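Working notes, structure below.
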Amino acid sequence: MATQDLGTPPSLLPLLLALPRGAVVGIPADLERDCPRLQSQLGEFGPWLRTEGELRHAVNRVPARVVVDTRALGAPVLEAALPALRHGSAVVVLYSDDCGMLARWGERVLRHDGVGLVWLPSETVRAGRCLELRVEVRATGRTRWIRVPLGGSEGAEAVLSTVRADGMMVCESRIAYELSIAR
């Protein structure tokens, strides 16, 4: 097992290069305190996009990996470009000194509507979570699927224990969403 030298600052480049296609990652600018080579590592990762013109060009000719400097770009412009970059399978690093915006983008997911990819708050997706259970009806020995919404603070474990306490045998369970999430 390899260990890192304690005197050497961590390197983000290997982690970024291991990201799957279509991933969007946020990196706060103040991370440079802990990782002094951050700018050069991001430069090695992919081209920097610092203007709307560069972003529009990247949307038309999607690179494999890209670093978007969000400090000079408006949020609506970036949010309009991200679905196209993601659909083109680009790995996107959002570099920002505004941790609030990174948190906002981190709390949103892309999903398909009838036309294309749109942004959706992740809380909406979690609110549409359901637990699908294939249960055995004891009297007949047959199985059937039931769907239980997971609202509020009720988790899948609580639903499973309630169903089992009612005397039903659970053969299979899975989490399902009312909304389809883009992958």
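The figures follow:
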item	result
Whichever residue in the stretch 39-59 is in contact with a helix residue (DSSP H, G or I) (Cβ under 6 Å, 6 or more places away or on another chain) and not in a helix (DSSP H, G or I) and, among such residues, is surrounded by the most Cβ atoms within 10 Å (Cβ to Cβ)	49
Long-range neighbours under 7 Å by Cβ, at least six apart or interchain, first residue in the same structural domain as residue 82 (by TED's automatic domain parsing) and of a type in the set (Asp, Glu) within the stretch 36-62, second part of a helix (DSSP H, G or I) and surrounded by 14 or more Cβ atoms within 10 Å (Cβ to Cβ)	44/13
Subset of the stretch 60-82 [within 25 Å of residue 100 (Cβ to Cβ) and either more than 20 Å from the chain's Cα centre (by Cα) or crowded, with 18+ Cβ neighbours inside 10 Å (or both)]	66, 67, 68, 69, 70, 71, 72, 73, 74, 78, 81, 82
From 99, 130, 35, residue being in contact with a Pro (Cβ under 6 Å, 6 or more places away or on another chain), modelled with pLDDT under 90 and within 30 Å of residue 161 (Cα to Cα)	130
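The values are calculated or read from the model by the stated rules, or taken from the named source; none is laboratory data. No experiment lies behind these values; they were computed from the predicted model shown. Using ideal geometry, Cβ is built from the backbone for each residue, glycine included, and neighbour counts are taken over all protein chains shown.
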